[in-house]
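Presented below is the structure to which this report refers.
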Amino acid sequence: MAAAAVTWAMLAAAAPVTRLDVEVDNLRSAKGMIRICLTADPDNFPACIDDANALTRSVPASVRTTSFPGLPQRGYALAIIHDENSNSKLDTIAGIPREGYGFSRNAAVRFGPPRFSAARFMVAGDAELQQVKMRYIF
């Protein structure tokens, strides 16, 4: 049993890793923060609230790029909001976003956020790039 645990730990440590670069395009202003959530868990997309393994970043809206180094090579999805008033949430009116939002692969938004499968992309190789175009309704 202990030998199996050691072998698993060695395999996990040797798993290939890569870097993900994220570029956020089409911001309407440099006010507030860009809040980025990266998850591999379909059950916690797009909110990432209950995902202990989700990676999140908050960067000033004037900074439109960020990186996630050392990621295991697998499938992920990004959810991004432009938190213009820096209150750490996506403001809505009757469930309709008042602030900007975007998803990896620029997944289509119809009646609510896209499914994980629509936003999912693979991270493999030396580095990957996701360019996310922000959308605004109001």
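The values are calculated or read from the model by the stated rules, or taken from the named source; none is laboratory data. Keep in mind that this is a model prediction, so the values were computed, not measured. In this analysis, Cβ positions are derived from the backbone assuming ideal geometry, glycine residues included, and neighbour counts consider all displayed protein chains.
Quick notes
- Among the residues listed as L90, L129, the single one being within 25 Å of K31 (Cα to Cα) and assigned to a loop (DSSP other than H, G, I, E, B): L90
- Cross-chain or 6+ apart pairs with Cβ under 9 Å, the range 59-85 first and under 17 Å from P16 (Cα atoms), then of a type in the set (S, T, Y): F68/Y76; P69/T18; G70/T18; L71/T18; P72/T18; Q73/T18; Y76/T39; Y76/S104
- Residue in the range 103-118 that is more than 21 Å from E23 (Cβ to Cβ), out of contact with any strand residue (DSSP E or B) (no Cβ under 7 Å at 6 or more places or on another chain) and among the basic types (K, R) present: yes
- Members of the range 99-126 found to be at negative phi and not in a loop (DSSP other than H, G, I, E, B), listed by number: G100, Y101, G102, F103, S104, R110, F116, S117, A118, A119, F121, M122
- Taking the criterion of being outside any loop (DSSP other than H, G, I, E, B), of a type in the set (S, T, Y) and farther than 14 Å from K89 by Cα, the residues of the range 38-66 that qualify are T39, T65, T66.
- Taking the criterion of being surrounded by fewer than 14 Cβ atoms within 10 Å (Cβ to Cβ) and in contact with a Phe, Trp or Tyr (Cβ under 8 Å, 6 or more places away or on another chain), the only residue of the range 23-41 that qualifies is R28.
- A40 vs. criteria at pLDDT 95 or above, among the hydrophobic types (A, V, I, L, M, F, W, C) and farther than 12 Å from V22 by Cα: yes
- Out of N87, N26, sole residue that is modelled with pLDDT of 95 or more, more than 17 Å from V123 (Cβ to Cβ) and more than 18 Å from the chain's Cα centre (by Cα): N87
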